[in-house]
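Colleague: Below is a structure I'd like to ask you about.
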Amino acid sequence: METVLKSHCDEQHPHEAEDFHKKHEQNNKLSGIKKDIEKLYEAVPQLVNVFKIKEKIGEGTFSSVYLATAQLQTGYEEKMALKHLIPTSHPLRIAAELQCLTVAGGQDNVMGVKYCFRKNDHVVIVMPYLEHESFLDILNSLSFEEVREYMFNLFKALRRIHHFGIVHRDVKPSNFLYNRQLKEYALVDFGLAQGTPDTKIELLKTAQSEGQQGSCLQNNPTVALGNGVSVSVTAPKQIAQQSASKASDKRSSSLSKIQIKQGRGGKEDSVHHSVQRSVFGEKNFNVSSSTHQENSSTKLIKQSKMIDVSSRKLVTKKKIISTKTVSNGVARKAASGCPLNLTCDCYATDGVCSICLSRRQQVAPRAGTPGFRAPEVLTKCPTQTTAIDMWSAGIVFLSLLSGRYPFYKASDDLTALAQIMTVRGSRETIQAAKTFGKSVLCTQDVPAQNLRTLCEKLRGTNSSSSRSKGDKHTTSVNDLALPAAIDKQCAPKTCGKEIQHLQSCQEGDGALEIKATDMKGWDKVPDDAYDLLDKLLDLNPATRITAKEALLHPFFKDMRL
């Protein structure tokens, strides 16, 4: 078949051949979607007599979403969104998501639920369908007033769910649907939601306690950023002073370690992750105990070569991410030989001491989307509140003001933290980390940037609005821009592309410049906008602005709640 296609394409004009391949790929995609729809009908036969599934409109890690129509008794057809949860989702997680939708949904821009169908381990949640635009498609065509309305309605949704003690954990543009013409909004996807200690969603408490049993994190990770800059995060001292014997008994059967190297082309030559560390940090709610993880980890060890890691080496010539495993026996031996009264002696070094090997593993949720995770999530702070949603909302606002999406791109948590430092400052990040019991080490002082200057440079505008008199940060974006502070040799390839993109914008290539006759209010962005952005991107979750406070901010002074 491939030979026939190839010979057929060779006879055509290059453009015709390209169109032929595109049509061929599109047909294959449609064929695959058709098969998925048929499988869904077979898995949940109740849907056949109620809905006519038109197409697949979304696909995520834990679910797929379909557009369907329902024949009403009045004779009219109503569009619905059918969310099919993957069969491996934990029943508690599914029930918790449904409870979030039924209790908090249906008002204040929070998606509600109409019906739910279940057949064996297949669950389909039926929700109202909101036709919406792609965030990336409309980003640079939005007027400033539309951005203001967008953020106002996002805060209304967050205020609603936070009132019920729901932490969404995955606030991002694709989870906040926006119909530009009708000015309708909907916060969706509560698949990763967790509850606060006083949450009104009872099932979130249960799901959270289930998920924490299988959480596993690395100790003392360190990342080198080039030019002598490296960032390291450690746990509080009391963790280092835990009983060696007690910690030894609770350790999993393997110790994961990631070694980062950089190649000439910046490509990842190989990626090997242990079962404890998910690529995107999603919590695996199917794991009910650490014993299950030990068994999975043991299988992984058998499949790969056993390499005894005696020290951490960060090489910046070739980028290879590989997980090296130390056997359980070695870890236990190191732990048993560790005196109780000693503290860590490998801090800011390239080695891992026996104290660190004997540490009790930290438990902290990491669920969320890369680029939108708050500093307390990146540093594995065990106490996480609704403030992490406000940080994510701040990143959305930052993208809207700068016209750049995604704003942050990082392959791992420490690189993400380093990128945050290039905007918010290293000293400020280190100080904030201390407030929630974490120690962050950065070998170079990275000053914070002026948010207005950064956003205007990236968007290609020069607002005529008066500058804030009390603004302390005057660092030039050309001197220290978001990804530019991360050395090209050790930043991921995606970051390298962003560096070039950012520099081209700063040089005035016109890629993101807006004509003076079509500024749409971007030449008069008030200081209140950047004051709100600064409060949203507060590195300290304890003082970060809440959704309720954000709605009362002067930036929204003439908008009705």
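Colleague: Keeping the other protein chains in place, figure out the carbon and sulfur percent of the accessible area of segment 516-561, with a 1.4 Å probe.
Modeller: Ligands and nucleic acids excluded, carbon and sulfur reach 52 percent.
Colleague: Step through the table entries LYS409/LYS438; LYS380/LYS548; LYS39/LYS83; LYS524/LYS557, compare each Cα-Cα distance with 19 Å, and write down the pairs that go over it.
Modeller: Violating the 19 Å limit, Cα to Cα: LYS409/LYS438; LYS380/LYS548.
Colleague: While we're here: Accessible surface of ASP189 in the full protein assembly, 1.4 angstrom probe, to the nearest 10 Å²?
Modeller: For ASP189, solvent-accessible area is about 60 Å².
Colleague: Follow-up. In whole Hz, what ³J(HN,Hα) sequence does segment 416-423 give by Karplus (6.51, -1.76, 1.60; θ = phi - 60°), x for Gly and Pro?
Modeller: 4, 5, 5, 5, 4, 4, 5, 9
Colleague: Sticking with this one: State in Å² the accessible area per residue of segment 138-200; use a 1.4 Å probe, count heavy atoms of protein chains only, and round to the nearest integer.
Modeller: 32
Colleague: In Å², what does the accessible area per residue of segment 34-128 work out to with a 1.4 Å probe?
Modeller: Per residue, segment 34-128 has 53 Å² of solvent-accessible surface.
Colleague: How much accessible area does TRP522 have with a 1.4 Å probe, in Å² rounded to the nearest 10?
Modeller: Number for this one is 10 Å².
Colleague: Leaving ligands, DNA and RNA out of it, work out the accessible area of SER439 with a 1.4 Å probe and give it in Å² to the nearest 10.
Modeller: Surface accessible to solvent at SER439 totals approximately 40 Å².
Colleague: Taking a ≥ b ≥ c as the square roots of the Cα gyration tensor eigenvalues, with a/c under 1.5 meaning rounded and otherwise prolate when a/b beats b/c, else oblate, which class fits segment 22-156?
Modeller: Oblate, since a/c reaches 1.5 and b/c is not below a/b.
Colleague: Which of the pairs LYS156/LYS535; LYS52/LYS119; LYS79/LYS172 have their Cα atoms more than 22 Å apart in this structure?
Modeller: Over 22 Å apart, Cα to Cα: LYS79/LYS172.
Colleague: While we're on this one: Can you pull the percent of segment 44-133's accessible area that's carbon plus sulfur, 1.4 Å probe, other chains left in place?
Modeller: 50
The values are calculated or read from the model by the stated rules, or taken from the named source; none is laboratory data. On a predicted model such as this, the values are computed, not experimentally measured, just so you know. Keep in mind that these areas ignore ligands, DNA and RNA; they rest on the heavy atoms of the full protein, side chains included. Shrake-Rupley method; radii C 1.70, N 1.55, O 1.52, S 1.80 Å.
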